[in-house]
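Here is the structure we will look at, set down as structure tokens.
The values are calculated or read from the model by the stated rules, or taken from the named source; none is laboratory data. Computed from a prediction, not measured in an experiment: that's the story for all the values here. Backbone-built Cβ (ideal geometry, glycine too); neighbour counts: all protein chains shown.
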Amino acid sequence: MRCPFCRNSESRVVDSREVDEGQVIRRRRSCTTCGRRFTTVEEAVLAVVKRSGVTEPFSRDKVVNGVRRACQGRPVDDDAFQHLAHRVEESIRSTGVAEIPSHEVGLAILGPLRDLDEVAYLRFASVYRSFSSVEDFEKEIADLRGAARDD
Ligand SMILES: [Zn+2]
């Protein structure tokens, strides 16, 4: 990691702190050449394995983009999208896996999306759970009604 001020590649760690319940380590560094300080952040990479076998880093933006389509015309604002993406990432990271198939990211979206907007959830679920008939929708809607009654 090069010093952002003078591009020197050597630095000394002066402070190290865990954040996000230890999932992220933030280090305060001091450049050995110019003496200025900067902060680096280190976190385990969560990789998404696509159907083709190619992996890419998990991206909250991609979650938001995927969900945004299902939310078209629904009263869902940007904050809600960001919050949902955060919940999805947390739920995946909490399973402790380093790699996750892309379709499982889709499944991890279902719960938080259901809490957010039921219409968007049904649209999204119809793709990810491969709804093939009206009965699939009816069953899902019945489940949603059941969940609403429990509240
Ligand atoms: Zn420097």
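If you go through segment 56-81 and pick out every residue that is more than 15 Å from the chain's Cα centre (by Cα) and either of a type in the set (A, V, I, L, M, F, W, C) or closer than 13 Å to Val105 by Cα (or both), you end up with 3.
Residue under question is Arg28, and the condition is that it be among the charged types (D, E, K, R) and at pLDDT 90 or above; does it hold?
Values: among the charged types (D, E, K, R): yes; at pLDDT 90 or above: yes.
Criteria met by Arg28.
Taken together, the residues in segment 120-135 that are exposed (fewer than 15 other Cβ atoms within 10 Å of the Cβ) and not in a loop (DSSP other than H, G, I, E, B) amount to 3.
In this structure, does Glu138 turn out to be surrounded by 14 or more Cβ atoms within 10 Å (Cβ to Cβ) and not basic (Lys, Arg)?
Details: surrounded by 14 or more Cβ atoms within 10 Å (Cβ to Cβ): no; not basic (Lys, Arg): yes.
For Glu138, the condition - surrounded by 14 or more Cβ atoms within 10 Å (Cβ to Cβ) and not basic (Lys, Arg) - is not met.
Of the listed requirements (1) modelled with pLDDT of 95 or more; (2) over 13 Å from the mean Cα position of the chain (by Cα), Leu84 misses just one: (2).
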